[in-house]
Amino acid sequence: MTQSRSVTRRDALRLAGLSATGLALAACAVEGKKVAPPARDAVADYWASKKKNGTLRFANWPLYIDKDGKRYPSLEMFTADTGIKVTYQEAIQDVGTFFGKIQPLLAAGNDIGYDLMVLTNGFQLNRAIALGYLVPLDHSKLPNFAANASSAVKDPTWDPDNTHTIPWTVGVTGIAYNPKYVDKVTSIADLWNPKYKGKIGMMLDTQEAANFGMFALGIDPDASTEADWKKAGAKLKEQREAGLVRKYYENDYVDALARGDIWITMAWSGDIFQQVAEGKDLRFVVPEEGGTIWTDNMCIPKTAQNPVDALTLMDYVYQPKIATMLVEYINYITPVPATRELVLANADKATGEKKASLKQIAESPLIFPSEADMAKLRSYKTLDTAQEKVFQDIFQPITQG
């Protein structure tokens, strides 16, 4: 999957999927066969000789933390509390591009320049797991994750028992529209409505587009077959050939929607929250047929020079006070359920615009989605290598042809 939700995604980001009341997140599945977790002895053997070095190189997506520490100094607090200095880089603009750069180095056993990275579930993450590029985590060193993470984000299908990953945040793909041009949207069928011809936006990402093609036909992507993909491909091709789609977008769909270049589009809910918070009159819905849920995951490459320091930060951000700082900055839901009440508590202590902003975060269904919306969410189809080729052969010519 080409996954390009970066710079303009919140202007650049994603949503996360967990309410403070412990909504049951749908399990997110991805490409690749399940990889059996390594034996406990193998995990212990890896970590036995590893020591804290006091330094950490962290690769993440843009705008996923207040890296300057002006409002939410979580990295500075981490250094003060642990003595570990962090070199933080917004190095990931697109999963495919980033993985393409690091894969040859990992295959050769060479340092990629990072000890911790955040990868989206999908083709590349599963490939990294299957090829042994990621370090198995020592969960005895992750007590905050064990105590504070919702059970809904534990044991994902693409990484049983969180053997190699724990979530940074989770996201939802639905439909956004501009009410200046569109009255109301409830169904994916609206993306095929001829009255919006030339004003419809679709995602360039094949897994994203494929899921919506399947939703339009009443197909559950998690249980889909090759025959289902072909039906979904035909549905998407019909949409394209009818001239309904203005463009297959990466992150630039947000500006196009706000300008009125497109009136209705596939969208990441966090982007739309940011636009609404900035005063734009846009709407976001999880259509009645379903939406997609995905996860951005922290993981340690096998060539990490400072794995203990990386593991320390992974656990550190699962403290509710730190997770709250992250959600207030990112405007995406943390996998720590206690955050909503803490955001509300901070709102009670704040005044003026800050108070209003925090209340908007705590009360937004784009950040804390309803149980009904969560029940409609599905993940990406789990694919092995051969299936991935078939899948891409069906959908790439539509979104990238």
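The values are calculated or read from the model by the stated rules, or taken from the named source; none is laboratory data. Note that the structure is a prediction, hence the values are computed from the model and not measured. Here Cβ is always computed from backbone atoms with ideal geometry, including for glycine, and neighbour counts include all displayed protein chains. Areas reflect the complete protein model, heavy atoms only, side chains present, ligands, DNA and RNA absent. Shrake-Rupley method; radii C 1.70, N 1.55, O 1.52, S 1.80 Å.
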Region 208-247 and region 320-390: distance between their alpha carbon centers, rounded to Å: 28 Å
Net length gained if the chain between S187 and A130 were fully extended (0.36 nm per residue, minus Cα distance): 16.8 nm
With all protein chains modelled, accessible area of L282 [1.4 Å, Å²]: 10 Å²
Would you mind computing, in nm to one decimal, how far apart the modelled labels at E363 and T351 are, each placed 7 Å from Cα along Cα→Cβ? 2.1 nm
Along the charge dipole of region 91-179, Cβ charges K/R +1 and D/E -1, which of F123, P104, V135 sits furthest on the positive end? F123
Between the helical axis of 339-349 and the dominant principal axis of the chain, each derived from Cα atoms, what acute angle in degrees is found, rounded to the nearest 10? 90 degrees
Subtracting the Cα-Cα distance from 0.36 nm times the residue separation, let me have the gained length for K180 to S140 in nm, one decimal. 9.1 nm
Can you give the Kirkwood hydrodynamic radius of the chain from its Cα pairs, in Å with one decimal? 21.3 Å
Helix axis angle, 95-107 relative to the chain longest principal axis, alpha carbon, degrees: 40 degrees
Determine, for region 109-236, the count of lysine pairs separated by eight or more sequence positions (or lying on different chains) whose alpha-carbon distance falls under 29 Å. 19
I'd like the distance separating the alpha-carbon centroids of region 280-302 and region 112-191, in whole Å. 9 Å
Describe numerically, in nm with one decimal, the distance between label points set 7 Å from Cα along Cα→Cβ at T87 and at K237. 4.9 nm
If I fit a long axis through the Cα atoms of helix 385-400 and take the longest principal axis of the Cα atoms of the chain, what angle between them do I get, 0 to 90°, rounded to 10? 50 degrees
Taking a ≥ b ≥ c as the square roots of the Cα gyration tensor eigenvalues, with a/c under 1.5 meaning rounded and otherwise prolate when a/b beats b/c or oblate if not, region 358-401 comes out prolate
With 5 Å bins from zero, work out the P(r) of region 274-401 over every alpha carbon pair and list the percent per bin. 2, 8, 13, 14, 15, 14, 13, 11, 7, 2, 1, 0
When all protein chains stay in place, what accessible area (Å², nearest 10, 1.4 Å probe) is found for S187? 10 Å²
Please give every one of the lysines within straight-line cross-link reach of K355, meaning a C-alpha to C-alpha distance under 28 Å, and leave out same-chain neighbours fewer than 8 residues apart. K67, K70, K280, K321
Fully extended contour minus Cα-Cα distance, from Q396 to D255, at 0.36 nm per residue: 48.3 nm
Under a straight-distance cross-link criterion of Cα-Cα below 18 Å, which aspartates and glutamates are reachable from K50, leaving out those fewer than 8 residues away in the same chain? D41, D111, D115, D138, D309, D315
Pairwise label distance in nanometres, A147 with T97, each label 7 Å out on the Cα-Cβ vector: 4.0 nm
Where a label projected 7 Å from the Cα of D220 along Cα→Cβ would reach, residues of region 188-206 with amide N under 20 Å: 188
